[in-house]
Amino acid sequence: MTQQLKWQLGTVIQIRRETPRATSLVLDVPGWTEHLAGQHVDVRLTAEDGYQAQRSYSIASPPEDTYLMLTVERIEDGEVSPYLVDELRVGDRIELRGPIGGYFVWDASDRKNDGSPLFLVAAGSGIVPLMAMIRHRANYNHQVATKLLYSSRSYEDIIYREELDQLSANDSSLRVIHTLTRQQPKDWKGYQRRMDRAMLADTAWPPAEKPLAFTCGPTAAVERVATYLLELGYESERIKTERFGPTGD
């Protein structure tokens, strides 16, 4: 029988501004159950009149960290994300429940990992669970060949930009590829469009190498990526998807 998850209180101990619209919250959650890279939690807010709003957020921190990190991107008309991004302060407490999910996960210690390369594809804040995998991989000193294809609106909207630059600069087995869909710096040399079949054909590992693909982001983007990977010859059971609605938190 699966044990039912209970709501817990997490205390904000650090706030990191990642982009103009995204913030990372570092939480101290007493008795937190160790999670897997790729899992998420439910967050619940309760107003003074008793009204409650609940949303799910991917965990950004790797399993090795003492504290839990959530990275939240503000949705302008959202009920939860504007509060988490703009109003929450160090010392505040929020209710959360988790970890949740067992399909969209990667465990460096799993013996089933056969050394096949990883292809991580993110759109917007879909980078969050993939970043947990990248951080977990780095902490574990796992040398599996990994590519990250990351689509952002602009250079300023790249979440974890400096950390990704540093990780890839210090690890020859990790390659980070960016595409900017709306605005690019004058000296930009990367892709300048939404992810399409041609881009995936250029960047994805060859199907013959039996790569494992994880893709996360808005529903439409994830469905396109999964379809293109299938067309390129990827095995369906080796394409893991995690998606969220374009208008929700």
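What follows is calculated from the coordinates using simple rules that are stated; it is not laboratory data. Not measured: the values here are computed from a predicted model. When we count neighbours, we look across all protein chains shown, and the Cβ atoms used for this are built from the backbone with ideal geometry, even at glycine.
Please identify, among Gly115, Gly190, Gly102, the residue showing maximal mean-square fluctuation in a Gaussian network model of the chain using a 10 angstrom Cα cutoff. Maximum among the listed residues: Gly190. Using a Gaussian network model of the chain with C-alpha springs under 10 Å, which one of Ile13, Ile127, Ile158 is most mobile by mean-square fluctuation? Sorting by GNM fluctuation, first place goes to Ile13. In units of the compact-protein estimate 2.2 N^0.38 Å, the range 8-100 shows a Cα radius of gyration of 1.01.
How would you rank 43-55, 141-153, 213-225, highest first, on the average number of other Cβ atoms within 10 Å across their residues?
213-225, 141-153, 43-55
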